[in-house]
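Everything on this sheet refers to the single structure shown next.
Only the coordinates and a few stated rules stand behind these numbers; no lab work does. Since the structure is predicted, the reported quantities are computational estimates derived from the model, not experimental observations. So basically every Cβ, Gly included, is an ideal-geometry build from the backbone, and we count neighbours across all protein chains shown.
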Amino acid sequence: MTKNKEAIFSCDLKKEGERFPHFWEEIVGSAHAPMALRADWQKQLQQCQKELGFKHVRFHGILSDDMFTYVSNNPQDPNAQRVFSFFNTDQICDFLLSIGIKPFIELSFMPTAISSGNDTVFSYHGNINPPKNYSEWKNVIKVFITHLKDRYGTEQISQWFFEVWNEPNLQAFWRGTQQAYFKLYQATAITIKSVNKNFRVGGPATADNQWISAFVDFCTAKKVPVDFISTHHYPTDAFGKPGDDTITQLSQSKRSVLRKEARKVKKQAKGLPVYYTEWCSSSNPFDELHDRPYAAAFITKTIMEARGIVEGYSYWTFTDIFSENFLCSTPFHGGFGLMNIYGIPKPSYRAFELLHQLGEEFLKVSGKHDSVDVWVIRKEKKINIIATNWALPKHKIKTEKIYLALKNISKISSAYIERIDDNHSNPRKVWEQNDSKDYLNDLEISALILASTLKKENIPLNIEKQEAHCTISLPPQSVACITIELENERK
């Protein structure tokens, strides 16, 4: 812990910065393909695209029976005709493209008509078994990919991603071995490339950063096409003991563990692009921290630390319209979503909103603190200072004062601060103060949306000899963003 009363951070604006692409906006997650046919799901995603800048969306189950992509026309008759139906898929893809979002297609789960078993996952019974016959699986993939190519064109599909399966290293999602998954991947990747060599395919889509080295070695040895590496990570992965609650698991986690693991995966990928197609502050779909400022601070810190390591970072998920267990009707139930079922933005949503407004030049900051982190991003005549005060549950954290100094700054036009903390952009707190109602009317929804909004407050800056400085207070589990707009220099 710093010995000073204030944590001191400084940045020299005269120095050139590093590139800072918005890699976290490449993809966002959503649970289950048929949810994308709902009007409320579509409305929320459209808002996320407009305000947060997401470019692709990923979900499970595009091949599952409830999408009717490939089914028997009489499930009771093993000899019945099998039929393709792409109507639902087309409805989803048409909508996504209409709002400027492209699909990140996870090829799952196994159509029952060609599955080797009856094991399923989730409330919608996604079949998790290998195919009975790989020739049939390859035919399904070829017909499906060819349909997409014919409908949307080669140029369009070349901008999509095809990811083979979901978390095959977990028995809950794949009733086969690692080698069985590699066989599935090989058959799938070769089939996709047979339709068009420019279509992107990757894997292994594992939980907890697993199988990366083995997967890359397999593809290299067998000359199997692979365009990207995908995997998942949550800070609850591999921490705590069996049966531990989420808070205990998180308390046993480590600060910056996602950055540490991402660096290891990047090395194991041997030059291939790395896409984390799931990450979140925990893997519990009913974790109340997902609804609180804790998640916003975690998201901000995690994204800022992943720069330069990954090409895509897909937060799980953008909405609480989510049915893996059941579709929960409680307005704030700890769901994964950036928005709740009523479309009320959570603190996590506002964190992505702050991040979206950042520029793409990352400047070096001097200073260090146990729970506080500070980053400076520049965009033409705008400087953003992002600060978090975050700690894992049961770890020490308190309100901190931080001193910020910007050296070699030109004339300032305006400066304001936006906050996410217990008293700012925190609709769940307002909901709890109003008796935690189970169902909301339009007036209550509007009031909670208002409570969630970011508010700009003027912040005084002391300026001496081209140095601007100020002191701000950061409550526990909080985010603050200072925006400084510079005057245009006269020619």
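Mind giving me the FRET efficiency for His147 and Val430? R0 is 35 Å, r the Cβ-Cβ distance, nearest 0.05 is fine.
0.15
Give a residue-ordered list of calculated ³J(HN,Hα) values for the range 171-178 (Karplus: 6.51 cos²θ - 1.76 cosθ + 1.60, θ = phi - 60°; whole Hz; x for Gly, Pro).
So the J values, rounded to whole Hz, are 4, 5, 10, 8, 8, x, 7, 4.
Quantify how much of the Cα-Cα distance distribution of the range 21-356 extends past 26 Å, in percent.
46
Taking square-rooted eigenvalues a ≥ b ≥ c of the alpha carbon gyration tensor, is the range 280-324 rounded, prolate or oblate, where a/c under 1.5 means rounded and, failing that, a/b exceeding b/c means prolate?
oblate
Testing the spin-label approximation: label points 7 Å from Cα along Cα→Cβ at Asn462 and Asn423. State their distance in nm.
Between Asn462 and Asn423, the simple spin-label model gives 2.3 nm.
Return the FRET efficiency for the residue pair Lys267, Lys394: r is the Cβ-Cβ distance, R0 is 30 Å, and the value is rounded to the nearest 0.05.
Here the calculated transfer efficiency is 0.40.
Say the cut-off is 29 Å between C-alpha atoms; which of Lys264/Lys407; Lys264/Lys301; Lys55/Lys437 go over it?
Lys264/Lys407; Lys55/Lys437
Only bridges whose two residues both fall in the chain count here: according to DSSP, what percent of them are antiparallel, nearest 5?
If I count the DSSP bridges inside the chain, around 60 percent turn out antiparallel.
Please compute the length gained on full extension between Lys437 and Glu324, using 0.36 nm multiplied by the number of residues separating them and subtracting their Cα-Cα distance.
My answer for the length gained is 38.3 nm.
Pairs of Cα atoms under 8 Å, at least six residues apart: use those to get the relative contact order of the chain, whole percent.
It rounds to 17 percent for the chain.
Hey, what number do you get for the chain at 222 nm if only DSSP H runs of n ≥ 4 count, each worth -39500 (n - 2.57), divided across all residues, to the nearest 500?
So the helix-based figure for the chain works out to -8500 deg cm²/dmol.
Using the 10 angstrom Cβ neighbour count as an exposure proxy, how do Asp237, Asp244 rank, fewest first?
Final ranking by Cβ density, sparse to dense: Asp244, Asp237.
Could you tell me which of Phe9, Ser194, Gln466 has its Cα farthest along the dipole of the chain towards the positive end, charges placed at Cβ (Lys, Arg +1; Asp, Glu -1), taken about the Cα centre?
Farthest along the dipole direction, towards plus: Gln466.
At 7 Å along Cα-to-Cβ for each site, give me the label-to-label distance between Asp90 and His469 in nm.
In this crude label model, Asp90 to His469 measures out at 6.6 nm.
Could you go through the range 222-229 in sequence order and give the Karplus-derived ³J(HN,Hα) for each residue, using 6.51 cos²θ - 1.76 cosθ + 1.60 with θ = phi - 60°, rounded to whole Hz, and x for Gly and Pro?
8, 6, 8, x, 8, 9, 7, 9
Stretch Phe286-Gln156 to full length: gain in nm at 0.36 nm per residue minus the Cα-Cα span?
Value of the extension gain: 43.1 nm.
Looking only at the range 374-398, which residues have a backbone nitrogen under 19 Å from a spot 7 Å from the Cα of Glu487 in the C-beta direction?
Within reach of a label on Glu487, which here means backbone N under 19 Å from a point 7 Å along Cα→Cβ, the range 374-398 contributes 380-383.
What GluC sites (Glu not before Pro) in the range 363-427 are in a loop by DSSP, with at most 10 other Cβ atoms within 10 Å of the Cβ?
The qualifying sites are Glu380.
Check cross-link reach from Lys270 to the aspartates and glutamates: straight Cα distance under 18 Å, and skip same-chain residues fewer than eight apart.
Cα-Cα hits under 18 Å: Asp217, Asp227, Glu261, Glu311.
Points 7 angstrom from Cα along the Cβ direction at Asp40 and Asn79: gap in nanometres?
4.7
My understanding is that a pair violates if its Cα-Cα distance is over 30 Å; which of Lys223/Lys266; Lys43/Lys132; Lys260/Lys411; Lys398/Lys429; Lys102/Lys183 do that in this structure?
Long pairs (Cα-Cα over 30 Å): Lys43/Lys132; Lys260/Lys411.
Please compute the length gained on full extension between Glu136 and Lys14, using 0.36 nm multiplied by the number of residues separating them and subtracting their Cα-Cα distance.
Gain in length upon complete extension: 37.8 nm.
Amide H of Ile412 versus every other amide H placed in the peptide plane: which residues, excluding those fewer than 5 positions away on the same chain, fall under 5 Å?
Amide H neighbours of Ile412: Glu487.
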